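Below is one structure, written out as structure tokens; comments come after it.
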Amino acid sequence: MSLVACEQNTPELSNTPSNVSQQQSATMILPSLPPSQTRALVNDDASATPFPTNTPMGCETNLEERQVHYALSATLDWNTKQMGVLQTVTYRNDSDTVIHELVFYVEPRRLQGVMQFRSALDEAGNEIPNIEFDGWRLSVPLPERLFPNCSAKISLLFNLNIGPYSSTNPIGWLSYTDRQVNIGHWFPTVGLYGYQMPGVWYTPRMHFIGEQSITVLADYDLQLSVQNAPANLTLAAPGIITQTEPAKWQIEFNGGRELAMSLSTTFEKITTSVDDVLIELYYYPREDTRETGLNPAARAILDAEQAFKLYNENFSPYPHNRLVIVEGDFPDGMEFSGIVFVSEAWFRTWNGRVNDWLTIITVHEIAHQWWYSLIGTNQGQTPYLDEALATYSELLYYQAYYPEFVEWWWNFRVYTYLSEDKVDATVYDYSSWRPYINAVYLRGCLMFQALRETLGDEIFLAWLADYARLYSGHIASSQDFWSVLSPTNYDRVATIRQQYLKEADILPPALTNRTPIAPLGN
Ligand SMILES: [Zn+2]
């Protein structure tokens, strides 16, 4: 997410107590359950507590396969903007302990009344009892114990009431306006087992500042159908899209942190391609273009092309064959894997120049394809690892293509909002957006600039490239980021770490005296 000057509306978080199926509004025709095809799990009593077993219960596993696969079947009623969803989750136990339950982070519960959870089903379609909601954390007991290397498959049934975008419903990526329906962060995502403590499921604490979701890369197969669909409905989504009928699509998207999309009847599309990656911009034509001669879509697609090229060459290879940009009917911008939203406000208010928000936000969201998507991080605990890097990537863009505007960028973007707060703050340290942005996004850039001036361009840029290369596809921590620096260079920036970080000595002694990682550059 990129944030400018405005204070974000902070929605009242829904922490409704756990009740499985709230009162139903219009009942949705839910798609039928797929035939069961999971590998049979060894029968055992579910009450056993998780414990290491040295007798793997015979699951050959192919680690090439993604640990998590989501098969989603969703039916959206265009008139009511309600969506019925059947989500089948296949999860492989990559730990060495036995797992008894699957635990999910449920972003759609960020706002009250959006999600109506119906039930969890086992492979045979039987309802799984004793599921538990704790705010946005959903625990589903597994019918059988899940041994290391084995996979389990369960299904979740729920309805979504997608509300109109407004000050009381400011989640632009899961709302509708008179011309688009945005569907992002719309289904439960599997938590991280053993992330902070062995044998314990981790789901982030929801907060109304910044983002919190942390997900492994997963594969997605979505069947989307729209009931009462208007004519010329266009779907903007990442991955391989097959339109099977006028308002029916199949979407296959591999290796994403999330699967988001947008629907509209008035999208126009402009495309370009870089290194065999198709970049598509879905935007709205402007009546005034003829008078003003301004064509913001042309500006945005050029910035997207150039930024993509710069980051793809200097960070690490982008893993998908398409990148989608949507002119979004909500403020600022928002990143998802393979698709990003750039606010309609930046198109509407574009002043014809490259030194303007349209360029800043477009390249910022594209940089998130690396700092958030390819290299995952804990967005709540270490937001600087995606937000400060995405914001600093804006500077790298101006330096590469429009160096005459570098000074403007510093004044306009950073020096206007100086902060003394520490860069490695968490989102939970803040209760309002502005000081959070100033510290994490913007002071983060001052920290990177100080590091770059001390280490030199070559070492600094190689650091980013090494980090991107080494942690592509993974979830990186602050320690991972700093440990890519050689011990010598890590020591050379000690004062900068003290100046900008709460945890200046981020690396334990063992890591500071280590042999340097075979770096590309430093
Ligand atoms: Zn951002």
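By the rule of a C-alpha distance below 30 Å, with chain neighbours fewer than 8 residues away ignored, the lysines paired with residue 81 are 153, 248, 269. Of the trypsin sites (Lys or Arg not before Pro) found in the stretch 343-434, those that fall in a DSSP loop while having at most 15 other beta-carbon atoms within 10 Å are 353. 3J(HN,Hα) couplings calculated from phi for the stretch 257-268 with the Karplus curve 6.51 cos²θ - 1.76 cosθ + 1.60 (θ = phi - 60°) are, in sequence order, 6, 8, 10, 10, 7, 9, 10, 7, 9, 10, 5, 10 Hz; Gly and Pro show x.
Roughly how many Å² is the accessible area per residue of the stretch 90-231, as a whole number, for a 1.4 Å probe? Intermediate results must be reported in sequence, preceding the final value.
Working: 4530 Å² over 142 residues.
So the stretch 90-231 comes to 32 Å² accessible per residue, rounded to a whole number.
Counting only protein heavy atoms and a probe of 1.4 Å, the accessible surface of the stretch 373-512 is 53% carbon and sulfur.
Cα-based Rg of the stretch 196-316 per 2.2 N^0.38 Å, rounded to two decimals?
On the way: Rg = 18.6 Å, N = 121, 2.2 N^0.38 = 13.6 Å.
So the stretch 196-316 has a normalised radius of gyration of 1.36.
Let me check against my output: what whole-number percent is the relative contact order of the chain, with C-alpha pairs under 8 Å and at least 6 apart? In percent, rounded to a whole number, it is 13.
Could you tally the net charge around residue 67, taking each other residue with its Cβ under 12 Å from the Cβ of residue 67, Lys/Arg +1 and Asp/Glu -1? Net local charge, residue 67 excluded: -2. Taking amide H positions as modeled 1.01 Å from N, with prolines and chain starts lacking one, the residues under 5 Å from residue 377 and 5 or more places away or on another chain are 476.
Coupling constants for the stretch 225-232 follow from the phi torsions by the Karplus curve (6.51 cos²θ - 1.76 cosθ + 1.60, θ = phi - 60°), and in residue order they are 10, 10, 8, 6, 6, x, 5, 6 Hz; glycine and proline get x.
What number comes out for the charge environment of residue 473, summing +1 per Lys or Arg and -1 per Asp or Glu over other residues with Cβ under 11 Å away? Numbers along the way, then the final one.
Working: positive: 66, 257, 469; negative: none.
Net of charged neighbours comes to +3.
Residues whose amide H comes within less than 5 Å of that of residue 278, counting only those at least five positions distant or on another chain, are 322, 323 (H built at 1.01 Å from N in the peptide plane).
Here the contact order of the stretch 285-379, divided by its residue count and restricted to Cα pairs under 8 Å and six or more residues apart, works out to 30 percent. For residue 171, the residues whose modelled amide H falls within less than 5 Å of its own, excluding neighbours fewer than 5 places apart on the same chain, are 166.
Of all beta bridges DSSP finds with both residues in the stretch 267-361, what is the antiparallel percent, to the nearest 5? It would help to have the intermediate numbers written out before the result.
On the way: 11 of 21 bridges.
Close to 50 percent.
Below 11 angstrom from the Cβ of residue 161, what's the summed charge of the other residues (Lys, Arg +1; Asp, Glu -1)? Don't skip to the end; give the middle numbers.
Details: positive: 81; negative: 77.
Around residue 161, the charge tally is 0.
Put a dot 7 Å past the Cα of residue 130, heading toward its Cβ, do the same for residue 202, and the two dots end up 2.7 nm apart. Peptides 265-273, 61-69 ordered by packing proxy, namely the average of other Cβ atoms within 10 Å per residue, highest first: 265-273, 61-69. So what does log10 I(q)/I(0) come out to for the stretch 267-361 at q = 0.10, 0.24 Å⁻¹, using the Debye formula with one equal point on every Cα and no solvent? The Debye formula, applied to the Cα set alone, gives -0.25, -1.33.
Kindly provide the Kirkwood hydrodynamic radius of the stretch 67-259 in Å, to one decimal, from all pairs of distinct alpha carbon atoms. So the Kirkwood estimate lands at 17.4 Å. Spin-label model, residue 60/residue 399: points 7 Å from Cα along the beta carbon direction are separated by 5.1 nm. The alpha carbon radius of gyration of the stretch 321-360, expressed as a multiple of 2.2 N^0.38 Å, is 1.19. Within the straight-line cut-off of under 26 Å between alpha carbons, the lysines reachable from residue 422 are 502, sequence neighbours fewer than 8 places apart in one chain being disregarded. For the pair the stretch 77-148 and the stretch 274-343, the centres of their Cα atoms are 34 angstrom apart.
May I ask for the equivalent-ellipsoid semi-axes of the stretch 373-512, computed as the square root of five times each C-alpha gyration tensor eigenvalue and listed largest first in whole Å? The partial results should precede the final answer.
Working: eigenvalues 94, 70, 46 Å².
Over the Cα atoms of the stretch 373-512, the ellipsoid semi-axes are 22, 19, 15 Å.
Paramagnetic label reach from residue 351 (point 7 Å along Cα→Cβ; backbone nitrogen cut-off under 13 Å): within the stretch 400-416, residues 408-409, 412-413. Annotation: the antiparallel percentage among DSSP beta bridges lying fully within the chain is about 75.
Summed over qualifying helices (DSSP H, 4 residues or more, each -39500 (n - 2.57)) and divided by its residue number, the chain shows a 222 nm mean residue ellipticity of -6000 deg cm²/dmol. Averaged per residue, the stretch 371-432 has 33 square angstrom of accessible surface, using a 1.4 angstrom probe with ligands and nucleic acids left out.
Our summary of shape: the Cα atoms of the chain have principal axis extents of 64, 64, 42 Å, ordered from largest down, in whole angstrom.
Of all aspartates and glutamates in the structure, the ones whose alpha carbon falls short of 13 Å from that of residue 309, not counting any fewer than 8 places away in one chain, are 275, 276.
The values are calculated or read from the model by the stated rules, or taken from the named source; none is laboratory data. Since this is a predicted model, take the numbers as computed values, not measurements. Quick reminder, even Gly has a Cβ in these numbers, built from the backbone with ideal geometry, and neighbours come from all protein chains shown. The area values use the complete protein model at the heavy-atom level, side chains included, leaving out ligands, DNA and RNA. Shrake-Rupley method; radii C 1.70, N 1.55, O 1.52, S 1.80 Å.
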